[in-house]
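Enquirer: Sending over a structure as structure tokens; questions will come in a sec.
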């Protein structure tokens, strides 16, 4: 494998000295200093770009090619945006991909964000996947979002107590998620996901919810690696000593409010505001670019993130890195999964209006505790999500698979 090549002078030195111990030490040093060529294809809430920052800090050559998570406009090295699905934009998009495709070769590592890693039909994603697989050393699949395995586990209702498909085991499917589920559980999406999972070198899940659907089938080639957060990009906000008001911030993704549960969270937050008009302030934004979103967030004390997750994701973790309390998913299964038994700063809300109201109200009634909660939030991200430490976890997994 390319990253295991040794330099001729290193080999000659080892043979001249006949030292097995020296050979092993030099081999480890040679591997650790090899500059890997890495392609991260696709994006999910800035995860690949932040991972690239960590990998570059460790000395590796990384290219991120993506659409920037559409309206989020995440950073990338190669922009692959499909402006619409009309004939002109479709031809332009495919032409752009074909222009770059010859350059997506001879990488040590290619990592794709999902079976649908480009804004194309499954059949075309499959063709490009096969090209990448044939022309690069290793290919890895991210489990970063809904796919066949996650949709199947949610549909069975025998594992998760709730999900972004079903608020509880007795409920009907949420919003337009039935169409999403049906698509993933049918050909060609199902077949594509299975083929890539079977033939990839490994699968990396960023959330507990995305790890467990793969666990029984692909445990030998599966890893959970936390979402990377570049702490230096999240300067801690100054914490007030006197909290007369609690400033809540909620960001809503256009057309995804029902998926994330932010529609319900916002309604309950307004009820809290009605009961505590002086103590509660609300700032709401809809589908703003990431850089602008982060600047607005600094004015808040509490981020209202999402409702149906067992695990905090990028939005919550970015807020916590700033010293902002996150109302999100943080179920006991998640803390057990990561081995964290002491530092539990996330406000875990259930898909129940009474539970949401009580936990938001509790923040207002106990607002004197906010400074300590804010400090613990940042500590949690530093401990579990530092982007350089996470990047090393990726390197270790790639090298061992």
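Enquirer: Using only Cα atoms, tell me the angle between helix 20-33 and the longest principal axis of the chain; keep it within 0 to 90° and round to the nearest 10.
Expert: Compared with the principal axis, the helix lies near 60 degrees.
Enquirer: Under the 0.36 nm per residue contour assumption, what length would be gained going from the current alpha-carbon distance of residue 86 and residue 362 to full extension? All intermediate terms of the calculation are to be shown ahead of the outcome.
Expert: Values: separation 276, 0.36 × 276 = 99.36 nm, distance 4.98 nm.
Gain on extension, residue 86 to residue 362, equals 94.4 nm.
Enquirer: Could you work out the relative contact order of the chain, using alpha carbon pairs under 8 angstrom and six or more residues apart, expressed as a whole percent?
Expert: Details: 669 pairs, mean separation 61.4, N = 401.
Reported as a whole number, the value is 15 percent.
Enquirer: I'd like the FRET efficiency for residue 375 and residue 78, computed as 1/(1 + (r/R0)^6) with the beta carbon distance as r and R0 of 30 Å, rounded to 0.05. Provide the component values of the computation, followed by the final result.
Expert: Numbers: r = 39 Å, r/R0 = 1.30.
So, using R0 = 30 Å, E works out to roughly 0.15.
Enquirer: For labels at residue 293 and residue 105 in the simple 7 Å Cα→Cβ model, what's the distance in nm?
Expert: Taking the two extended label points, one gets 3.7 nm.
Enquirer: Take the Cα of residue 176, step 7 Å along the line toward its Cβ, and report every residue of the range 55-82 whose backbone nitrogen sits under 20 Å from that point.
Expert: Of the residues in the range 55-82, 69-73, 82 have backbone N under 20 Å from the label point off residue 176.
Enquirer: Just want to confirm a number: the relative contact order over the range 232-385, from Cα pairs under 8 angstrom separated by 6+ residues, in percent. Each step should come with its number before you reach the end.
Expert: Working: 245 pairs, mean separation 42.2, N = 154.
It comes to 27 percent, rounded to a whole number.
Enquirer: For the range 185-299, go through all pairs of different Cα atoms, get the mean of 1/r, take its inverse, and jot down that Kirkwood value in Å. Kindly include the intermediate steps, with their values, before the conclusion.
Expert: Working: mean 1/r = 0.0549 Å⁻¹.
Value: 18.2 Å, from the Cα pair sum.
Enquirer: Oh, and also: For the range 232-385, what is the convex hull volume of the alpha-carbon atoms per residue, in Å³?
Expert: Working: hull volume 15.8 nm³, N = 154.
That works out to 103 Å³ per residue.
Enquirer: Still on this structure, please answer the following. Kindly provide the pair-distance distribution of the range 33-147 built from C-alpha pairs, with 10 Å bins from 0 and whole-percent values in order of increasing distance.
Expert: 14, 48, 33, 5, 0
Enquirer: Now for a separate question. In the P(r) worked out for the range 120-204, what percent of Cα pairs fall beyond 15 Å?
Expert: On the way: 2220 of 3570 pairs.
So the portion of pairs separated by more than 15 Å is 62 percent.
Enquirer: Restricting to Cα atoms and excluding each atom paired with itself, what does the Kirkwood estimate give for the chain in Å? Write down the numbers at each step before the final one.
Expert: On the way: mean 1/r = 0.0441 Å⁻¹.
After inverting the pairwise mean of 1/r, the radius is 22.7 Å.
Enquirer: Quick check: the angle from helix 208-218's long axis to the longest principal axis of the chain, C-alpha only, nearest 10 degrees?
Expert: Approximately 40 degrees, to the nearest ten.
Enquirer: Next up: Between residue 256 and residue 161, how high is the FRET efficiency from 1/(1 + (r/R0)^6) when r is the Cβ-Cβ distance and R₀ = 30 Å? Nearest 0.05.
Expert: 0.85
Enquirer: Could you tell me the relative contact order of the range 36-103? Use alpha-carbon pairs under 8 Å, at least six residues apart, and round to a whole percent.
Expert: Working: 92 pairs, mean separation 17.2, N = 68.
Across the range 36-103, relative contact order equals 25 percent.
Enquirer: Any chance you could check the Cα centroid distance between the range 102-117 and the range 221-290 for me, in angstrom?
Expert: That distance is 33 Å.
Enquirer: Starting from the alpha-carbon convex hull of the range 119-159, give the projected area averaged over all orientations, in nm². Working shown, then result.
Expert: On the way: hull surface 16.0 nm².
The directionally averaged projection comes out at 4.0 nm².
Enquirer: Using a simple spin-label model with points 7 Å from Cα along the Cα→Cβ vector, what separation in nm is obtained for residue 396 and residue 121?
Expert: 4.4 nm
Enquirer: Averaged across orientations, what area in nm² does the convex hull of the alpha carbons in the range 200-251 project? Numbers along the way, then the final one.
Expert: Working: hull surface 26.8 nm².
Quarter of the Cα hull surface area: 6.7 nm².
Here, each number is a calculation from the coordinates, and none is a lab measurement. Not measured: the values here are computed from a predicted model. Neighbour counts are summed over all protein chains in view; Cβ atoms, including those assigned to glycine, are modelled from backbone coordinates with ideal geometry.
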